[in-house]
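The values are calculated or read from the model by the stated rules, or taken from the named source; none is laboratory data. Please read all numbers here as calculations on a predicted model, not as lab measurements. Neighbour counts are summed over all protein chains in view; Cβ atoms, including those assigned to glycine, are modelled from backbone coordinates with ideal geometry. The protein model used for the area step is the full one, side chains on, heavy atoms only, and it has no ligands, DNA or RNA in it. Shrake-Rupley method; radii C 1.70, N 1.55, O 1.52, S 1.80 Å.
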Amino acid sequence: MRIPRLVLPAVLLALAACGPAPDPAAEAAAKAAERSRAADELARQFDQQFAAGNWPLARAHGDVLIAQYPDTPAARRIAAQHAEARRKADAAQEDKRLAALWTYQSQPLGKGEQLSASIHAREAIDTGGGRSRPQLIFRDHPEWGRSSYLVLENGDFDCYGGCRVEVGVDGTSRRMAASRPKTDEAIAMFIEDERALWRAVRGGGRLVIAVPVKGGSVQEAVFEVGGLDPARMPGW
């Protein structure tokens, strides 16, 4: 008996439907193998960046690996190193932030080249004439020598004729001589022992200066000084 031509496609489909059924175990194994290969590739990239000391990239590769393939041998293998990379990446980011708080300048002034390093307080204080973030400046000039002083944008210091201010670095404090020069050029108060202040800042992290404000109370100015680069001020 000859099968009509139009019936052939239906017959072929029926024969195909009678083929072997999908194997769930084989499919699961194939998916697991693919996940393992993807995890191994991320682990390879993590290892490469970890060995190079590129902590942000190592952290990024580890984050993706552990988030997407947490149940793989590769994720378990890098877990301890990933935690280390995270810590070091966070520390590097904080170092970068602290370094960016400082501003360095070099400019011809008078009979020489003046170098300066400056940083603003973390928050503004009440100056009696408004609010201002005090700026701490270290200055070095071959003719005028070295000096350290605070500058306000408004208000004034209550230190005409000299005073003593409390200066604390990382919990250890001492009193230092200071003075407000009689000049209208800038609202400035000099810390007389600039060498001692520089040494304290150079090895410190958190500097607190009790600022005497004219017509007001003493205000604490807090500076995050841990990012200082002493090489930018070679004379100190």
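Residue farthest toward the positive end of the dipole of the chain, with Cβ of Lys/Arg at +1 and Asp/Glu at -1: which of GLY205, PRO108, SER147?
Of the candidates, GLY205 comes out farthest on the positive side.
Run through the range 151-236 and list the trypsin sites (Lys or Arg not before Pro) located in a DSSP loop whose Cβ has at most 14 other Cβ atoms within 10 Å.
LYS182
Place a +1 charge on the Cβ of each Lys and Arg in the range 40-119 and a -1 charge on the Cβ of each Asp and Glu, then give the dipole magnitude about the Cα centre in debye, rounded to the nearest 20.
200
Kindly provide the trypsin sites (Lys or Arg not before Pro) of the range 67-163 that DSSP labels as loop, not H, G, I, E or B, and whose Cβ sees at most 16 other Cβ atoms within 10 Å.
For trypsin sites (Lys or Arg not before Pro) across the range 67-163 that sit outside H, G, I, E and B with at most 16 neighbouring Cβ atoms in 10 Å, the list reads LYS111, ARG122.
What percent does the relative contact order of the chain come to when contacts are Cα pairs within less than 8 Å and at least six residues apart?
Reported relative contact order: 15 percent.
Mind telling me which of ILE66, ILE209, ILE119 comes out most flexible in a GNM of the chain, alpha-carbon contacts under 10 Å?
ILE66
Could you work out how far helix 55-68 tilts from the main Cα principal axis of the chain, as a 0 to 90 degree angle to the nearest 10?
The two axes meet at around 40 degrees.
Quick one: how many Å² of TYR149 are accessible to a 1.4 Å probe, rounded to 10?
Around 30 Å² of this residue is reachable by solvent.
Compute a Gaussian network model of the chain, connecting alpha carbons closer than 10 Å, and tell me which residue from ALA117, ALA196, ALA51 fluctuates the most.
Taking springs between Cα atoms under 10 Å, the residue moving most is ALA51.
Rounded to the nearest 20 debye, what is the charge dipole size of the chain about its Cα centre when +1 sits on each Lys and Arg Cβ and -1 on each Asp and Glu Cβ?
580
Could you give log10 I(q)/I(0) at q = 0.12, 0.16, 0.17 Å⁻¹ for the chain, computed by the Debye formula over C-alpha point scatterers of equal weight, without solvent?
Evaluating at q = 0.12, 0.16, 0.17 Å⁻¹ gives log10 I(q)/I(0) of -0.80, -1.05, -1.14.
Rounded to a whole number, what % of the accessible area of the chain do carbon and sulfur atoms account for, probe 1.4 Å?
Taking all protein chains in place, the chain shows 53 percent carbon and sulfur surface.
Quick check: from the Cα gyration tensor, does the range 127-212 come out rounded (a/c under 1.5), prolate or oblate?
oblate
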